[in-house]
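Heads up, the thing below is written out as structure tokens.
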């Protein structure tokens, strides 16, 4: 009753600005966030001869209860999804194939190795996204893959990416929703390169070969992801922002922005409107860098709100494919999923509860005083009451009540994995 009463009072406040709350909640319910599976097992995967984590990626912490196999990972994901309002997606990496203990090289992976994932997705009614895994492998040990000087190594990774796109196509056909297959590679140099152009030429040629295989966009959408630097590639990354933005626009591919892949003073929110001027689609991996690309759990901070505002105020909810990418082994892994995903949805709701047209008019008229005043006042509008009502309406716990479910699950399930 308290939630309903608070909601009705909040509704009246927002409706004075012409904001239709029921329409807002209906639109929010249609948004699907792609939730990354690799938070649940610290990016280890389930390969028969799994290599140490590499490619500039690091996961710290040893919180108990990490998923040890695909069944446990699906169980954990399903529990987390039950605490998040709305219907969402799950994003897989190639290392989450199930091969029944058989060693299957990455350039030999087939849809059958992900059949259990598809059956599970059908059962709970969600879509799947996909990523080839070009790290944590002996053929990526020197930090180079698609731009490697050795044509044999390049060919291995080219074939892996082609196979991955076909797996994405399989997901799309089986699940009735297109799979976003995103390519990110760790390629770069620790110290100052003597030649930047040649590795980029090789990467372009490799991508051209990968995308020369025709796959219907009804089932699979191709994306490419940039990065500024990483551990082991501090001085030079082959697939830079400029490289992939140019490649995506020239080849009609989706460009993916990872919020942790830029200089600490750069903001992804500021890039969204520019890219949408030239591209019909954009993809995001929302993370939280702390001093470096550390992939901390997404919190409800200024940049997250600004990303959501840029998507909503520019009527781009149908254009921007939102995914998450963080991994923290120092806290309960399911809680990380729930905190991060609920915050992403919360930020979108916050953005939907702003009088964007009015604020745009103020800017056009040069009335910057009122623009700033209204934007600041809306920060303390009763947005939380709308969020609580939405959670209750979607049959998920309100406020921190979800944490009790996680704590119970930890006691009954996770602690028994020791």
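Working carefully through the options 229, 156, 171, find the one that is outside any loop (DSSP other than H, G, I, E, B) and within 21 Å of the chain's Cα centre (by Cα).
Numbers: 229 fails: outside any loop (DSSP other than H, G, I, E, B); 156 fails: within 21 Å of the chain's Cα centre (by Cα).
Result of the check over 229, 156, 171: 171.
Where in the stretch 348-395 are there helices (runs of 4 or more DSSP H), lying fully within it, with 1 or more residues that are closer than 24 Å to residue 26 by Cα and in contact with a helix residue (DSSP H, G or I) (Cβ under 6 Å, 6 or more places away or on another chain)?
Working: elements: 356-365, 368-377, 383-393.
Answer list for the stretch 348-395: 356-365, 383-393.
Please pick out the residue among 339, 322 that is surrounded by 19 or more Cβ atoms within 10 Å (Cβ to Cβ) and outside any helix (DSSP H, G or I). Show your work before the answer.
Details: 339 fails: outside any helix (DSSP H, G or I).
When all the criteria are applied, what remains is 322.
Restricting to the stretch 16-30, count the residues that are out of contact with any helix residue (DSSP H, G or I) (no Cβ under 6 Å at 6 or more places or on another chain) and surrounded by 12 or more Cβ atoms within 10 Å (Cβ to Cβ). Steps first, answer last, please.
Step one: filter the stretch 16-30 for residues out of contact with any helix residue (DSSP H, G or I) (no Cβ under 6 Å at 6 or more places or on another chain), giving 16-20, 22-23, 26-27, 29-30.
Pick out the ones that are also surrounded by 12 or more Cβ atoms within 10 Å (Cβ to Cβ) and you get 17, 19-20, 27, 29.
Total satisfying the criteria: 5.
Condition first: buried (at least 20 other Cβ atoms within 10 Å of the Cβ), in a helix (DSSP H, G or I), within 17 Å of the chain's Cα centre (by Cα) and modelled with pLDDT of 95 or more. Can you find one or more residues in the stretch 159-166 that meet it?
no
Anything in the stretch 278-294 that is in contact with a helix residue (DSSP H, G or I) (Cβ under 8 Å, 6 or more places away or on another chain) and outside any strand (DSSP E or B)? List them, or say none.
Across the stretch 278-294, the qualifying residues are 278, 279.
Among 124, 84, which is closer than 30 Å to residue 386 by Cβ and surrounded by fewer than 18 Cβ atoms within 10 Å (Cβ to Cβ)? Give the derivation first.
Working: 84 fails: surrounded by fewer than 18 Cβ atoms within 10 Å (Cβ to Cβ).
Just one listed residue meets the conditions, 124.
Do we find a residue being outside any strand (DSSP E or B) and free of Cβ contacts under 8 Å to residues at least 24 places away in the same chain anywhere in the stretch 295-307?
We begin by selecting, within the stretch 295-307, every residue outside any strand (DSSP E or B); these are 295, 297-307.
Cutting the leftovers down to free of Cβ contacts under 8 Å to residues at least 24 places away in the same chain gives us 301-302.
Checked the stretch 295-307: at least one residue is outside any strand (DSSP E or B) and free of Cβ contacts under 8 Å to residues at least 24 places away in the same chain.
If we scan the stretch 232-254, do we find a residue that is in the same structural domain as residue 312 (by TED's automatic domain parsing), assigned to a strand (DSSP E or B), over 21 Å from residue 303 (Cβ atoms) and without any contact (Cβ under 8 Å) to a residue 60 or more places away in the chain?
Going residue by residue through the stretch 232-254, those that are in the same structural domain as residue 312 (by TED's automatic domain parsing) are 232-254.
Filter again for assigned to a strand (DSSP E or B), leaving 236-237, 254.
Next, only the ones that are over 21 Å from residue 303 (Cβ atoms) stay: 236-237, 254.
Pick out the ones that are also without any contact (Cβ under 8 Å) to a residue 60 or more places away in the chain and you get 236-237.
Yes: the stretch 232-254 contains one or more residues that are in the same structural domain as residue 312 (by TED's automatic domain parsing), assigned to a strand (DSSP E or B), over 21 Å from residue 303 (Cβ atoms) and without any contact (Cβ under 8 Å) to a residue 60 or more places away in the chain.
Of the residues that sit in the stretch 135-149 and are in a loop (DSSP other than H, G, I, E, B) and touching a helix residue (DSSP H, G or I) at 6+ places or on another chain (Cβ under 6 Å), which one is nearest to residue 46 (Cα to Cα)? Reasoning before the result, please.
Residues of the stretch 135-149 in a loop (DSSP other than H, G, I, E, B): 135-137, 141-149.
When the remaining residues are screened for being touching a helix residue (DSSP H, G or I) at 6+ places or on another chain (Cβ under 6 Å), the result is 145-148.
Values: 145: 21, 146: 23, 147: 26, 148: 26 Å.
Ranking the qualifying residues of the stretch 135-149, first place goes to 145.
The values are calculated or read from the model by the stated rules, or taken from the named source; none is laboratory data. These numbers come from a predicted model, not from an experiment. As a convention, Cβ positions derive from the backbone with ideal geometry for all residues, glycine included, and neighbour counts pool all protein chains shown.
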